[in-house]
1. With respect to the cross-link table entries Lys6/Lys100; Lys37/Lys86; Lys37/Lys100, which display a Cα-Cα separation exceeding 24 Å?
2. Please work out how much length the chain gains when fully extended from Leu171 to Glu3, using 0.36 nm per residue of separation minus the C-alpha to C-alpha distance, in nm with one decimal.
3. In the neighborhood of Thr152, defined by Cβ-to-Cβ distances under 15 Å, what is the net charge if each Lys or Arg adds +1 and each Asp or Glu adds -1?
4. For Lys160, go through the lysines and keep the ones whose alpha-carbon is under 29 Å away, minus same-chain ones fewer than eight residues off.
5. Suppose the chain between Ala153 and Leu117 were pulled fully straight at 0.36 nm per residue; how much longer would it get relative to their current alpha carbon spacing?
6. Compute the orientation-averaged projected area for region 145-229 from the convex hull of its Cα atoms and round it to one decimal in nm².
7. How much length, in nm to one decimal, is gained on full extension between Gln227 and Lys86, taken as 0.36 nm per residue of separation minus their Cα-Cα distance?
8. Suppose all protein chains stay in the model; what accessible area per residue would a 1.4 Å probe give for region 159-204, in Å²?
Amino acid sequence: MNELIKTFKQDDGTVAVDARDLHDFLEVGKDFSNWFKGMIEYGFTEGQDFTPISAKSRGGRPRIEYAMTLDMAKELSMIQRTPKGKQAREYFIAMEKQAKRQNQQVVLPMTPEEKLLLVMENANRANSRLTSVEERVTDIEENRRLESGDYTAVSHGVSKAVREYIQDRHLQLTQEQRSALYKDINGGLNQVCGVRTRTQIREKDFDKAIRFIDDWSPSTATKMLIQAGEQTAMEV
C-alpha cells in the first residue's frame, strides 16, 4: 500500500500516525498547533491516544510533534466531515486490515534446516525472557530496603562511632555539638549510599555503610564548630 499519510512503528510494535502530516493532508484552514489543541478537546488523552515528540524545525529551532494512534487518527479524520477526511479514514482502516492479514499469515517450517532454525529462535526467545526475569529479580533483591536487623546494626554503629569519638578525646560537648557530630556521620553515610535518609539504605549497600561507619571521622568543618563551641564555653 502506498503511503498516503506518514506513519511509523513505535517501540511496542504498534503503528503511529504523524499528526502534522495528517493535518497537511486534510488541508485544514487553521495552523497545526491550534488545530491539534482543538482536536484534543474531543476527549483524547496524552500517553494513551497521542505522544509528544521533540523535533527541529527547518530553522533548527525545537518544536513539538505528535504521534497518534490509528484510532485517534481515524476519529480526527471523521470529525473533519470533508472528502479529505473520509479518504484519510478509509486509508487508516485499510492499513489496519492489511496488518491483520499479515499477522494471520503463518508460515510453517518445511525443511529440517527451517525446523532447526525455528527451534533455535524459540530457545533464544525463552533464554532472553529468562535473562530478563533474572535481571529483574536481582534488581529487586539488591534494591530492597534493609531488614530490621541490618537497619538496627547501622543505627547502633552510628551511635557507637560518635560515642567512641567523644570518649577517646575526652570531650565535654553540649547537645548542640553532639548533634553536629551525628549530622556529620549521617550526612556522609547518606552520601556514600546514595540516599536521602538512613531508612532508604538498600540491601546491596549494607557492607558499604558499615565500612563507612568504621572509618568515619568528622569533617574539618564539624571539628572547627566543636572547637569553637569549647572555646566559647571556656571563656564563659
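The values are calculated or read from the model by the stated rules, or taken from the named source; none is laboratory data. This structure is a prediction, so every number in the text was calculated from the model and none was measured. Cβ placement follows ideal geometry from the backbone for every residue including glycine, while neighbour counts extend to all protein chains displayed. Heads up: the accessible areas ignore ligands, DNA and RNA and are worked out on the full protein's heavy atoms, side chains in. Shrake-Rupley method; radii C 1.70, N 1.55, O 1.52, S 1.80 Å.
1. Numbers: Lys6/Lys100 19 Å; Lys37/Lys86 21 Å; Lys37/Lys100 31 Å.
Exceeds cut-off: Lys37/Lys100.
2. Details: separation 168, 0.36 × 168 = 60.48 nm, distance 8.10 nm.
Answer, rounded to one decimal: 52.4 nm.
3. Numbers: positive: Arg145, Lys160, Arg198; negative: Glu147, Asp150, Glu203.
Result for the neighbourhood of Thr152: 0.
4. Hits, sequence-local ones excluded: Lys183, Lys204, Lys208, Lys223.
5. On the way: separation 36, 0.36 × 36 = 12.96 nm, distance 5.45 nm.
So the chain would gain 7.5 nm between Ala153 and Leu117.
6. Working: hull surface 21.5 nm².
So the mean shadow area of the Cα hull is 5.4 nm².
7. Numbers: separation 141, 0.36 × 141 = 50.76 nm, distance 8.23 nm.
Extra length available between Gln227 and Lys86 comes to 42.5 nm.
8. On the way: 3010 Å² over 46 residues.
Heavy-atom accessible area per residue stands at 65 Å².
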